[in-house]
Amino acid sequence: MRIATWNVNSVKQRQEHLLRFLKEEAPDVVCLQELKCQDDAFPRLELDGTGYNIAVRGQKSFNGVAILSKRPMEDIQLRLPGDDSDEQARFIEALVPGDKGVVRIACIYLPNGNPAPSEKYSYKLAWMDRLHAHTRARLREEEPFVIAGDFNVIPEPKDAARPEQWVNDALFLPPTREKFRSLLHLGLCDALRATTDADGIYTFWDYQAGAWQKNNGIRIDHMLLSPQAADRLRSVTVVRHTRGWDKPSDHVPLMAELDV
DNA sequence: ATGGCGATATACTATCGA
C-alpha cells in the first residue's frame, strides 16, 4: 500500500497538480492538508475519473483535511478527541483496507503556533497533548496505525538547511520538539528516519526570498508508524520535484510503501 | 529590522501561513 501526505495550500488552486500527482505516483491513499475550502467546495467532480473515495473535513478559508483512498474507507473520525470546543478542521482518520490487512490512518494539520509565546502557541502545545493522548489509546489496539501530515515540527537541526533561522520559531522551539519526541517515545517510528540518517531532506520551502532556489528548506511533513505498521515499511520517498512545477504548493508530498 | 510570496475573505486591505 502506497500512502502519501501532501499539504496542498488550497486544493482548488492545486487541483491540476493533485491530478498529475495521482496519475504519476498512483498512491493507494493520499492525506491532504490545507484544503482552504468548505466540504461542499471540495473538487469531487474533478476527481471523479480517478476512482478515489473521498473523506473530507473542510472549513471556510483556512485549514481543512481530507483522505483519498482507492478502497472504500470505514470508521471515519472527523475530530481529534479531547476538546469539543475546538472547531478547527485539522484532523481526519479512517480505517483503510489493504491486500493483506487494514491500516488506520490519521491525517493531521498540526497548528503552526507562531508567534511564540501567544495563544496560538498555547493552542499548538495543547493540540500536541491531545494527539499524544489519542495516539496512546490507538497504540493499545496494537494495529497498523499511521499518523501522516503537516506536523509543523522541525524535529532536529539537521532537518533545516539553516537551523539558526528557526531558533525562536514555533516549529523549532524546545517545547515543540520535546512534545514531538514524547509522541515518538510512545513507540512510534518516524518513517523517513527509519530509512536514512541523512541531512538535507526537506518537505517545505518558503515562497519568499528564493528559498526553493537556494534549497533553504525544512522537514516538517512526517509519517509516524505504530510498531505493527513499521514492521511492514518498505520504502519512503519525498516527491521533491513537485516544488518545481508552475504555481506549486510550498510543501511537497511524502510517500511511504507498506506491505499491507 | 524588515520584507520578501501566495491564498482567502474581511476585498484597492487584513490575516494567515512557516
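The values are calculated or read from the model by the stated rules, or taken from the named source; none is laboratory data. Everything numeric here is computed off the predicted structure, so don't read it as measured data. Positions of Cβ are backbone-derived with ideal geometry, glycine not excepted, and every protein chain shown enters the neighbour counts.
From the list A:G217, A:G187, exactly one residue is closer than 19 Å to A:N152 by Cα, more than 16 Å from the chain's Cα centre (by Cα) and at pLDDT 95 or above. Which is it?
Working: A:G187 fails: closer than 19 Å to A:N152 by Cα.
From the options A:G217, A:G187, the qualifying one is A:G217.
Could you please find all residues in region A:119-142 being surrounded by fewer than 18 Cβ atoms within 10 Å (Cβ to Cβ), under 15 Å from A:F180 (Cβ atoms) and either touching an Asp or Glu at 6+ places or on another chain (Cβ under 8 Å) or among the aromatic types (F, W, Y) (or both)?
Passing the criteria: A:A126, A:R130.
Would you check if there is a residue in region A:208-218 being surrounded by 13 or more Cβ atoms within 10 Å (Cβ to Cβ) and of a type in the set (D, E, K, R)?
no
Hey, among the residues in region A:43-72 that are closer than 16 Å to A:L32 by Cβ and among the aliphatic types (A, V, I, L, M), which one's farthest from the chain's Cα centre (by Cα)?
A:L47
Quick test of your reading of the structure: A:R177 fulfils all but one of (1) in contact (Cβ under 8 Å) with a residue 12 or more places away in the chain; (2) closer than 27 Å to A:H17 by Cβ; (3) outside any loop (DSSP other than H, G, I, E, B). Name the failing condition by number.
It is condition (2) that A:R177 fails.
Which residue out of A:D75, A:D40 is surrounded by fewer than 16 Cβ atoms within 10 Å (Cβ to Cβ), over 16 Å from the mean Cα position of the chain (by Cα), within 15 Å of DNA strand B (Cβ to nearest atom) and not in a loop (DSSP other than H, G, I, E, B)?
Values: A:D75 fails: within 15 Å of DNA strand B (Cβ to nearest atom).
After applying the criteria, what remains is A:D40.
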